[in-house]
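The values are calculated or read from the model by the stated rules, or taken from the named source; none is laboratory data. This is a predicted model, so every value here is computed, not measured. Neighbour counts are summed over all protein chains in view; Cβ atoms, including those assigned to glycine, are modelled from backbone coordinates with ideal geometry.
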Amino acid sequence: MDKDATLDARGLMCPMPIVQLAKKVKELKSGQVLELLADDIGAKEDVPAWCNRTGHQLLAMEEEGRLIRIYIKMK
Amino acid sequence: MAERFCMVVSEGTFDKAMMPLIMGTTAASMGMEVHVFYTFFGLKLLKKGVRPKLPGLMSLFTGMMEKKMKKVNVPGYQEMLAQAKELGVNFYACSTSMELMGMKKEQLIDGTKVLGASAFLNLAADSKVQLFIG
């Protein structure tokens, strides 16, 4: 999937992936796509919940073994 | 307007120290406005440079817990506190508890507001989520 930026949050546990995500989003513009890499299993539920609250759009979520790859479109 | 989230913390042990910071940083990252009120034994968590201990006899193993957290990349208490402040989490000290514990405002982390139950309830009354941690 096309992306404008990547945030590598692998090795971080809750709540740090979400905290880093909120910081990263400030650098991006509306319509841009962010790729998030995480291996905290909680991210599978936490990132969709974060999108639901903040209004950013979750485009896709893929799993490759332990790796969770999530694409988010900025509102 | 941002949704408001209020917490009251009445205990000063390690677990009660981390919980409001985890919840607070997450909520702030989700765009919420966060207010945390520290009272009774919770108040010491706002003291500059404090290192909270595990409860009771387990306090002896606080260092082990801190090492374990470092190993799995979970930030320590002071680091989380700094993170929360950076994200705009608001910290409040209960004025009565300060009197009871003999604590001065200068001993508390920068930016702490001192207030009483009424002022905090005024914030909490218009809050969507409230948690008591004690």
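Overview of results
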item	result
Residue in the stretch B:106-117 that is part of a helix (DSSP H, G or I) and among the hydrophobic types (A, V, I, L, M, F, W, C) present	yes
Residue tally, condition of a type in the set (Ser, Thr, Tyr) and more than 14 Å from A:VAL47 (Cα to Cα), over the stretch B:19-35	1
Residue check for A:LYS75: within 14 Å of chain B (Cβ to nearest Cβ) and among the basic types (Lys, Arg)	yes
Residues located in the stretch A:47-57, provided they are out of contact with any Lys or Arg (no Cβ under 8 Å at 6 or more places or on another chain) and either outside any helix (DSSP H, G or I) or closer than 20 Å to A:ALA5 by Cα (or both)	A:VAL47, A:PRO48, A:TRP50, A:CYS51
Matching residues, the stretch A:38-64, being basic (Lys, Arg) and under 10 Å from the mean Cα position of the chain (by Cα)	A:LYS44
Top-ranked residue in the stretch B:120-134 [being free of Cβ contacts under 8 Å to residues at least 12 places away in the same chain and not in a loop (DSSP other than H, G, I, E, B); ranked as surrounded by the most Cβ atoms within 10 Å (Cβ to Cβ)]	B:LEU121
Some residue of the stretch B:78-92 being over 24 Å from A:LYS23 (Cβ atoms) and surrounded by 13 or more Cβ atoms within 10 Å (Cβ to Cβ)	yes
Near pairs, Cβ below 7 angstrom, 6+ apart or cross-chain, from the stretch B:6-31 (touching a residue at least 60 places away in the same chain (Cβ under 8 Å) and within 14 Å of chain A (Cβ to nearest Cβ)) to any residue that is among the β-branched types (Val, Ile, Thr) and in a helix (DSSP H, G or I)	B:THR25/A:VAL19
Every pair of residues 6+ apart whose Cβ atoms lie under 7 Å, when the first sits in the stretch A:23-51 and is closer than 13 Å to B:THR26 by Cα while the second is in a loop (DSSP other than H, G, I, E, B) and among the β-branched types (Val, Ile, Thr)	none
The stretch A:27-68, residues that are more than 14 Å from chain B (Cβ to nearest Cβ) and among the small types (Gly, Ala, Ser)	A:SER30, A:GLY31, A:ALA60, A:GLY65
Answer residue from the stretch B:32-47, given it is hydrophobic (A, V, I, L, M, F, W, C) and either at the interface with another protein chain (Cβ under 10 Å from one of its Cβ atoms) or part of a strand (DSSP E or B) (or both) and is surrounded by the fewest Cβ atoms within 10 Å (Cβ to Cβ) among those	B:MET32
Residue list for the stretch B:106-118, filter: in contact (Cβ under 8 Å) with a residue 12 or more places away in the chain and over 28 Å from A:GLN20 (Cα atoms)	B:GLN107, B:VAL114, B:LEU115, B:GLY116, B:ALA117
Residue ID - nearest to B:ALA27 (Cα to Cα), chosen from residues in the stretch B:60-95 that are away from every other protein chain (no Cβ under 14 Å) and without any contact (Cβ under 8 Å) to a residue 40 or more places away in the chain	B:GLN78
Residue satisfying condition, being at pLDDT below 95, among the charged types (D, E, K, R) and either under 17 Å from B:ALA17 (Cα atoms) or assigned to a helix (DSSP H, G or I) (or both), within set B:LYS85, B:LYS70	B:LYS70
